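No lab work stands behind these numbers, since they all come straight from the coordinates. Here the structure is a predicted model, which is why all the values come from computation and not from measurement. Cβ coordinates were reconstructed from backbone atoms using ideal geometry, including for glycine residues, and neighbour counts include every protein chain displayed.
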Amino acid sequence: MNIDVTYDFICPWCWIGGEKLQQALDASGQRQAATIHYIPYQLNPDMPVHGMDRKVYRSAKFGSWARSQLLDEQVTRAGATVGLTFDYPRVDKTPNTLAAHRLVWLQQQAGRPAAVLVQAIFRAYFAEGRDLGDVQVLADIAQENGLDRSATLQFLASSAGTDDVMRAEAAARKRGISAVPCVEIDHEMVTGAQPVEVFMQAIQRATAH
């Protein structure tokens, strides 16, 4: 069973939706049968390389910091229902996510499953407040998940994978994807962080073919 997940690391619903997908695969007994491919999608493609102060960025985006905090509280409650911890007071920056997407691209190019790394990057940002735009931070995360730190730094210092990530994102937009998460399970689309049962139903239909 092939699963395509279009996502961005600054999207909390992508982390929540990804966890719901994993829970649905476990409940359906299909985790081992599923091949998950991650497709990059930058919600803020024009974000400065070193990111922006989160309070400044979110206040401008949502009209006020109070409004942003209300949205953060909603996300935190939704995450807790599937066992995810959001610790927004620790998150100081809204990062540029290109480098993080390139790291996942590298993992997939090597033919290695990327789910564990993807979840680790989400957790590093939303639960630990680490700056995903910092290549040293990404190298640390890579090392924590069994990858070579120096090789990761060397890769991130290059431009390798950048064009491929941009092409993949452009292809997703061309296909009509305008919001994430977007999960395609054997050609059946599930958009948003839907309930686990919705993912299970899509998985069951895919395995019935």
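Structural remarks
- Filtered trypsin sites (Lys or Arg not before Pro), region 127-198: DSSP coil and at most 15 other beta carbons within 10 Å: R175
- Rounded to the nearest whole Hz, the Karplus-based 3J(HN,Hα) values (6.51 cos²θ - 1.76 cosθ + 1.60, θ = phi - 60°) of region 48-53 follow the sequence x, 3, 8, x, 9, 4, with x at glycine and proline.
- Gyration tensor verdict on region 75-127 (Cα atoms; rounded if a/c is under 1.5, prolate if a/b is larger than b/c, oblate otherwise): oblate
- In plain terms, the C-alpha convex hull of region 2-208 casts an average shadow of 11.1 nm² when viewed from every direction.
- Residue-count net charge about V56 - beta-carbon cut-off 12 Å; Lys, Arg +1, Asp, Glu -1: +3
- For the chain, C182 stand unpaired, since no other cysteine beta carbon lies under 4.7 Å from theirs.
- Evaluated with a Cβ-only charge set (Lys, Arg +1; Asp, Glu -1), region 56-182 carries a dipole of roughly 480 debye about its Cα centre, given to the nearest 20.
- For the chain, share of DSSP beta bridges that run antiparallel, in % to the nearest 5: 60
- Those lysines that a straight Cα-Cα span of less than 16 Å connects to K93, excepting residues fewer than 8 apart in one chain: K55, K61
- Its relative contact order, with pairs defined as Cα atoms under 8 Å and 6+ residues apart, puts region 2-208 at 32 percent.
- Rounded to the nearest 0.05, the FRET efficiency derived from the C-beta distance between T35 and R167 at R0 = 22 Å is 0.60.
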